Amino acid sequence: MIFVQPAYLPSVNYFKDFNDNDLVYNINLGLDESDYFDETYMSNDNGVFKVKVPTTNKNKSNFQRDIKIDYNNNWIKSHTHSLQSAYGKFPYFIFYLDPILNVLNTNHTFMIDLNYDLLSLFLELLNYDQKPVKNTSDNIINNKKTILKSNNSLMSVDNIVKMRGDFLLGKNFDYRLSVVDLLFLKGPETGYYIRNF
């Protein structure tokens with residue numbers, strides 16, 4: 001059993017250890033227990049950049065499950081533009097953009113629900129058989145095997161090109177960009193690469 005913490009458009013590394021484990025989606029984490037609850041990193045020709053979902057009621061004492069999405073600004077349009085400008089020329093962009101946008105356009109009230117629906121979509125697109133189960137108990141966290149955390153740092157364009165090349169060659173790698181980076185590049189083979197390399 002693996003406890004996964006909510007993350008927005010999570011990194012490729014987020015999925016590396018899933019294999020055939022049961023996935024428990026932990027909704028009982030404090031806000032300070034995840035840096036990537038409402039943000040992710042993408043890459044374009046200029047390097048790595050961050051996209052962030054605006055939220056309300058954000059206080060370090062809050063639980064992630066209590067954080068609401070702020071729709072006062074049109075962040076979905078901004079994120080769509082970011083995806084288009086960063087990955088529009090990738091070979092599988094047109095095949096995967098609509099399912100992602102369908103989830104974003106659902107207008108979730110809570111960030112935790114948006115992240116859950118995105119995780120469910122990515123598990124399907126990556127050909128994982130598991131469905132994440134929401135953890136509704138405060139006690140189950142004491143029996144965790146692991147909680148997956150994304151760790152991102154800004155990288156140069158040269159490092160990104162090398163990272164993608166190493167991944168495709170099957171070398172040991174650290175793929176810290178959002179999974180959409182690899183999904184738009186490798187399409188239906190993405191899950192295979194994640195599970196085997």
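The values are calculated or read from the model by the stated rules, or taken from the named source; none is laboratory data. Note that this is a predicted model, so its numbers are computed, not measured. As a convention, Cβ positions derive from the backbone with ideal geometry for all residues, glycine included, and neighbour counts pool all protein chains shown.
Summary table
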quantity: Hits in the range 168-197 (condition: more than 18 Å from the chain's Cα centre (by Cα) and either at pLDDT 65 or above or in a helix (DSSP H, G or I) (or both)); calculated: 168, 196, 197
quantity: Qualifying residue in the range 18-27 (condition: charged (D, E, K, R), surrounded by 15 or more Cβ atoms within 10 Å (Cβ to Cβ) and farther than 28 Å from residue 70 by Cβ); calculated: no
quantity: Odd one out for residue 137, checked against (1) modelled with pLDDT of 90 or more; (2) in a loop (DSSP other than H, G, I, E, B); (3) over 19 Å from residue 17 (Cβ atoms); calculated: (1)
quantity: Residue count, the range 55-113 (criterion: β-branched (Val, Ile, Thr) and part of a loop (DSSP other than H, G, I, E, B)); calculated: 3
quantity: Qualifying residue in the range 73-94 (condition: over 14 Å from the mean Cα position of the chain (by Cα), crowded, with 20+ Cβ neighbours inside 10 Å and modelled with pLDDT under 90); calculated: no
quantity: Condition check for residue 117: charged (D, E, K, R), within 23 Å of residue 177 (Cβ to Cβ) and in contact (Cβ under 8 Å) with a residue 40 or more places away in the chain; calculated: no
quantity: Extreme residue, farthest from the chain's Cα centre (by Cα), among residues of the range 27-49 that are modelled with pLDDT under 75 and charged (D, E, K, R); calculated: 32
